[in-house]
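Novice: Sharing a structure here in structure tokens format.
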Amino acid sequence: MANTPSAKKAARKIARRTEVNRSRRSRVRTFLRKFDDAIASGDATAAATAFKAAEPELMRAVTKGVLHKNTASRKVSRLAAQLSKLSA
């Protein structure tokens, strides 16, 4: 357990950041799940709409430090590939 005042404050800050990051990560996963559901149903227009919503959410997670830039780019690329495969 933290003993010094600065260590106690750091522990409080970490707890707050963890909560924020957890909610952001959950939000991203929700958008990805909506896209997966649209792909599974075979509805190209719903999938396109879900993709347009999920992509900025992934990039926002990058700017907030929840995801690495390359990870988000890889995920967006794979989503776009799934969408084009469904549309074709």
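Novice: So, Ala46, is that one farther than 20 Å from Ala88 by Cα and among the aliphatic types (A, V, I, L, M) or not? Reasoning before the result, please.
Specialist: Numbers: farther than 20 Å from Ala88 by Cα: no; among the aliphatic types (A, V, I, L, M): yes.
No; evaluated as a whole, the condition is false for this residue.
Novice: Select from the stretch 12-50 the residues that are small (Gly, Ala, Ser), part of a helix (DSSP H, G or I) and out of contact with any helix residue (DSSP H, G or I) (no Cβ under 6 Å at 6 or more places or on another chain) and write down the one among them that is surrounded by the most Cβ atoms within 10 Å (Cβ to Cβ).
Specialist: Of the residues in the stretch 12-50, the ones small (Gly, Ala, Ser) are 15, 23, 26, 38, 40-42, 44, 46-48, 50.
Those left that are additionally part of a helix (DSSP H, G or I): 15, 23, 26, 38, 40-41, 44, 46-48, 50.
From the residues that got through so far, the ones that are out of contact with any helix residue (DSSP H, G or I) (no Cβ under 6 Å at 6 or more places or on another chain) too are 15, 23, 26, 40-41, 48.
Details: Ala15: 9, Ser23: 11, Ser26: 9, Ala40: 10, Ser41: 11, Ala48: 15.
For the stretch 12-50, the residue satisfying everything is Ala48.
Every number here is computed from the coordinates shown, using simple stated rules; none is lab data. All figures in this text were calculated on a predicted structure; none of them were measured in a lab. When we count neighbours, we look across all protein chains shown, and the Cβ atoms used for this are built from the backbone with ideal geometry, even at glycine.
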